[in-house]
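The values are calculated or read from the model by the stated rules, or taken from the named source; none is laboratory data. Keep in mind the model is a prediction, meaning the values are calculated, not measured. Neighbour counts are summed over all protein chains in view; Cβ atoms, including those assigned to glycine, are modelled from backbone coordinates with ideal geometry.
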Amino acid sequence: MNCIIIDDDKLSRTLLEKFVERTEYIDQYYSFPGAIEAINFIKKDEHEIDLIFLDIEMPDMNGVEFMQALGDHPVQIIVVSSKEKYALDAIEYNVTDYLLKPVTYFRFLKATEKALSKLREEMMPASNSKNDFFIRNNANLIRLCYDDVIWVEALENYIVVNTYSEKFTIHYTMKMVMDQLPVDKFFRIHRSFIVNRSKIDIIKATTIDVKTKDGYVSLPIGKSYRELLLKDINLLSK
């Protein structure tokens, strides 16, 4: 998930930047002290943005005017304001959440989890009838079944798709792969790892174990991703 921070208050902007850097399922962020710079950046359409943290009271262009200028651009907005009075305006623009300053990391995390959940719902295929997909490997197109993929790993400028029988190295980005894989079958556990949900056998504090033909392999799981995963599994309680 990629995001933008827009806030003319340097302390508030710096705090949000620190929160973003701590949150493993946010891949990249761009930070702006004003809405005009941000809207110009977005309109260039050179970067995929999923989420915007938006202050309301700013000079030149305020947050409400920014949302008007943004129009129907497909992006989620979390308003970050020191005042409650703009909440009705925020509701009118269907924002994902409304955070009151000073923002705590716990509240920040709840808002971003909501945004991530909505993003995953939007990415959910209308039908799960397709059980396979193609990847480009050099000049060849190779068909892979979703059930054969154990995990996907990002290594610098390429991706390694690990299946039961072999590994495939492809020149994709992690986001491109995540956008293609059905979210009901695959789960991101780390900035560099996506795992097939059905292949997860053991969830530990900092790793998960998946079963391969040669035995178990441990993959790292980030704290934020682990919390999301635990909310998403069927856990037998006492």
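Overview of results
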item: Some residue of the range 25-35 being surrounded by fewer than 16 Cβ atoms within 10 Å (Cβ to Cβ) and in contact with a helix residue (DSSP H, G or I) (Cβ under 8 Å, 6 or more places away or on another chain); result: no
item: Filtered residues of the range 1-53 (kept if of a type in the set (Asp, Glu) and part of a helix (DSSP H, G or I)); result: GLU17, GLU21, GLU37
item: Residue list for the range 68-90, restricted to those being in contact with a strand residue (DSSP E or B) (Cβ under 9 Å, 6 or more places away or on another chain) and either in contact (Cβ under 8 Å) with a residue 40 or more places away in the chain or exposed (fewer than 11 other Cβ atoms within 10 Å of the Cβ) (or both); result: GLN76, VAL80, LYS83, GLU84
item: Sole residue being of a type in the set (S, T, N, Q), free of Cβ contacts under 8 Å to residues at least 40 places away in the same chain and under 28 Å from LYS231 (Cα atoms), chosen from THR169, THR163, THR96; result: THR163
item: Listing of helices (runs of 4 or more DSSP H) fully contained in the range 84-193 that carry 2 or more residues being over 20 Å from PRO220 (Cβ atoms), among the hydrophobic types (A, V, I, L, M, F, W, C) and in the same structural domain as PHE66 (by TED's automatic domain parsing); result: 87-92, 105-123
item: Subset of the range 57-105 that is touching an Asp or Glu at 6+ places or on another chain (Cβ under 8 Å) and of a type in the set (Val, Ile, Thr) - its residue that is nearest to LEU16 (Cα to Cα); result: VAL80
item: Candidates ILE200, ILE194, ILE170, ILE221 - the one that is within 21 Å of GLU113 (Cβ to Cβ), over 20 Å from the mean Cα position of the chain (by Cα) and surrounded by 11 or more Cβ atoms within 10 Å (Cβ to Cβ); result: ILE200
